[in-house]
């Protein structure tokens, strides 16, 4: 398959409600979309999940756009006939920038599979036609507001809820949600690296609430501290920001710091590396689930395909489109009774509304041979 050009489009998508975590508040998604056009007239779609600012990781959307336009896209175009499996090799000379590389790989992979008439789920080795999904709830102004928000999602049929926490907003809100909805609600928490070593004792008190897991309480590079927490807690410790590849995942598991793994394709450099992370975790008997980055329907479709692999035994952060956007750039995804269908069409399995994308575009550029 020959890629004729890449087109980069920046779009602005307002969120239905602000989404607050320990590192900031998002009200609008500044999304970078990557379109891979083949010489045969096929278009593949990719989405870069980098945030507007380098707060989740060192990557941010302006930087990702520049890296793709200046380095990654030209390297792939110079490769001649390529497949998605070639993208990592062709871009290996450029250090880091995993989210940017993942977006390019995703666009190439989508074009490749559309040309072959194969779904992404089939290509990755998916075994499910539907996957269980959950919802991630941001930090709210009050505990009462949090309970109301969770109630709405439970009434929508979600059976797993993730609460964002930070110092000063942790034990009380978790206790209130557990009391309001009882032991049957699958409940987990995510700190997004907000705690330090002096929070070890407080975090162990979360054991009282029968949680599925506590996610990434400490800095991404503090594997030892996560291992210490895992020794002290009954609740499994899950890593997110720390896991940047299959290699780092294996090391964290062997260090006793990762009892459950959150897999985000953008964070590890693409869906092919995400599959390798899944395989490593499965070999080491560690369950995995698919994390979310407030993706549009492009990324959401691909995440559903990934979550259909056998090792994804916990509900992922792949809630319905309406949870985030009043109008998406693909047909909306709808969760029914806490489950969502895996797309079966070629590639990511959904069509992008390019007319709507054009209306939302704030900047575009083309990189051709």
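Please treat every number below as a calculation from the coordinates, not as lab data. Quantities reported herein were computed from a predicted structural model and do not represent experimental measurements. A quick note on method: Cβ atoms are made from the backbone with ideal geometry, for glycine too, and the neighbour counts reach across all protein chains shown.
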Antiparallel content of DSSP bridges confined to the chain, in %, to 5: 60 percent
Pick out which of 279, 53, 40 has the largest mean-square fluctuation in a Gaussian network model of the chain, springs linking Cα atoms closer than 10 Å. 40
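Given the stretch 122-341, what percent of its DSSP beta bridges are antiparallel, to the nearest 5?
Here the antiparallel bridges make up roughly 20 percent for the stretch 122-341.
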Net lengthening on full extension, residue 69/residue 365 (0.36 nm per residue, minus Cα-Cα): 105.7 nm
Taking the number of other C-beta atoms within 10 Å as the exposure measure, put 280, 55 in order starting with the fewest. 55, 280
So, in Å, what gap is there between the alpha-carbon centers of the stretch 41-113 and the stretch 259-296? 18 Å
Work out the FRET efficiency for residue 16 and residue 86 from their Cβ-Cβ distance, taking R0 = 41 Å, and round it to the nearest 0.05. 0.60
Which FRET efficiency value, to the nearest 0.05, is calculated for residue 2 and residue 155 with the Förster distance at 41 angstrom and r the Cβ-Cβ distance? 0.25
Answer with a single label: of [x] 65, 51, 42; [y] 59, 41, 36; [z] 65, 58, 44, which was calculated as Cα extents along the principal axes in Å from the structure in view? [y]
Fewest-first ordering of 68, 223, 348 by Cβ atoms within 10 Å yields 223, 68, 348
Just grab the label-to-label distance for residue 202 and residue 40, each label 7 Å out from Cα along the Cβ direction, in nm (one decimal). 5.6 nm
What's the center-to-center distance, using Cα atoms, between the stretch 327-361 and the stretch 187-227 in Å? 34 Å
Along Cα→Cβ, 7 Å out, is where each label goes; now give me the distance between the ones at residue 147 and residue 78 in nm to one decimal. 6.1 nm
Quick one: angle between helix 98-116 and the longest Cα principal axis of the chain, in degrees between 0 and 90, rounded to 10, please. 60 degrees
How far is it, in nm, from the label point at residue 279 to the one at residue 358 when both lie 7 Å from their Cα along the line to the Cβ? 4.2 nm
Principal-axis tilt of helix 171-181 within the chain, Cα atoms, nearest 10 degrees: 90 degrees
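Quick one: 288, 16, 268, fewest Cβ neighbours within 10 Å first, how do they rank?
Lowest count first: 16, 268, 288.
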Could you state the angle between the C-alpha long axis of helix 271-283 and the longest principal axis of the C-alpha atoms of the chain, as a value from 0 to 90 degrees rounded to the nearest 10? 40 degrees
Which length gain, in nm to one decimal place, applies between residue 118 and residue 231 when the Cα-Cα distance is subtracted from 0.36 nm times their residue separation? 36.3 nm
